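Visitor: The structure is given below, and queries will be raised subsequently.
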């Protein structure tokens, strides 16, 4: 519970755990002690509708961002194994494919979570291109959901908003084919 006093026209909050009443020092004062010393019980004001709407939006945006970075969005499969490659790793694989091809290799092997994947270089590029487009479209969907929520003017609409819709279909790769 918070306590306050008005001192010289300003609201001052009680901080700490020691209260002095006259010559007495009370450690961990009770409410009775606080009231006897002239402190008042501070009651949090009810948030305004605008504050409630802003809080609902902030919570919904956090949910959207968590969903965007979850396996519901950031996932594809290769040979029935679910995985995700972040942007930086996709670029590293693309650079590796260029180097392998420049040195006359026709295939490239990459290891993810202990599993080796060997595909023709062109297949790697096709998969990376498809994955880049998927990631871009998923991000667009996330940003659209966030914009929609931010434009809402009713808290109930924000709370009821389904942000799990309209994401692109997850990619499935297998046996070196998209």
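The values are calculated or read from the model by the stated rules, or taken from the named source; none is laboratory data. This structure is a prediction, so every number in the text was calculated from the model and none was measured. As a convention, Cβ positions derive from the backbone with ideal geometry for all residues, glycine included, and neighbour counts pool all protein chains shown.
Visitor: Could you please tell me which pairs satisfy a Cβ distance under 6 Å, a separation of 6+ or placement on different chains, a first residue in region 128-157 that is more than 16 Å from residue 54 (Cβ to Cβ), and a second residue that is modelled with pLDDT under 95?
Guide: Cβ pairs passing all conditions: 130/178.
Visitor: Continuing with this model, one more query. Looking at (1) modelled with pLDDT under 95; (2) more than 30 Å from residue 4 (Cα to Cα), which one does residue 105 not meet, given that it meets all the others?
Guide: Among (1) modelled with pLDDT under 95; (2) more than 30 Å from residue 4 (Cα to Cα), the lone unmet condition for residue 105 is (1).
Visitor: Could I ask something else about it? Which one is farthest from residue 22 (Cα to Cα) among residues in region 34-84 that are over 21 Å from the mean Cα position of the chain (by Cα) and surrounded by 17 or more Cβ atoms within 10 Å (Cβ to Cβ)?
Guide: Filtering region 34-84 for residues that are over 21 Å from the mean Cα position of the chain (by Cα) and surrounded by 17 or more Cβ atoms within 10 Å (Cβ to Cβ), the one farthest from residue 22 (Cα to Cα) comes out as 78.
Okay, residues lined up against (1) at pLDDT 95 or above; (2) assigned to a helix (DSSP H, G or I):
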residue: 29; (1), (2): no, no
residue: 32; (1), (2): no, yes
residue: 54; (1), (2): yes, yes
residue: 57; (1), (2): yes, yes
residue: 64; (1), (2): yes, yes
residue: 85; (1), (2): yes, no
residue: 91; (1), (2): yes, yes
residue: 99; (1), (2): yes, yes
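Visitor: State all residues of region 156-178 that are modelled with pLDDT of 95 or more, surrounded by fewer than 17 Cβ atoms within 10 Å (Cβ to Cβ), out of contact with any strand residue (DSSP E or B) (no Cβ under 6 Å at 6 or more places or on another chain) and on the phi < 0 side of the Ramachandran plot; if no residue qualifies, say none.
Guide: Those that are modelled with pLDDT of 95 or more, surrounded by fewer than 17 Cβ atoms within 10 Å (Cβ to Cβ), out of contact with any strand residue (DSSP E or B) (no Cβ under 6 Å at 6 or more places or on another chain) and on the phi < 0 side of the Ramachandran plot: 156, 157, 159, 160, 162, 164, 165, 168, 169.
Visitor: Take the conditions in the same structural domain as residue 142 (by TED's automatic domain parsing) and closer than 17 Å to residue 132 by Cβ and apply them to residue 95. Does it pass? Outline the logic, then answer.
Guide: Numbers: in the same structural domain as residue 142 (by TED's automatic domain parsing): yes; closer than 17 Å to residue 132 by Cβ: yes.
Criteria met by residue 95.
Visitor: So, in region 106-122, of the ones that are outside any strand (DSSP E or B) and in contact with a helix residue (DSSP H, G or I) (Cβ under 7 Å, 6 or more places away or on another chain), which residue ends up farthest from residue 76 (Cα to Cα)? Working first, answer last.
Guide: Going residue by residue through region 106-122, those that are outside any strand (DSSP E or B) are 106, 113-114, 121-122.
Retained after the next criterion (residues that are in contact with a helix residue (DSSP H, G or I) (Cβ under 7 Å, 6 or more places away or on another chain)): 106, 121.
Working: 106: 24, 121: 19 Å.
If we take residues in region 106-122 being outside any strand (DSSP E or B) and in contact with a helix residue (DSSP H, G or I) (Cβ under 7 Å, 6 or more places away or on another chain), then 106 is farthest from residue 76 (Cα to Cα).
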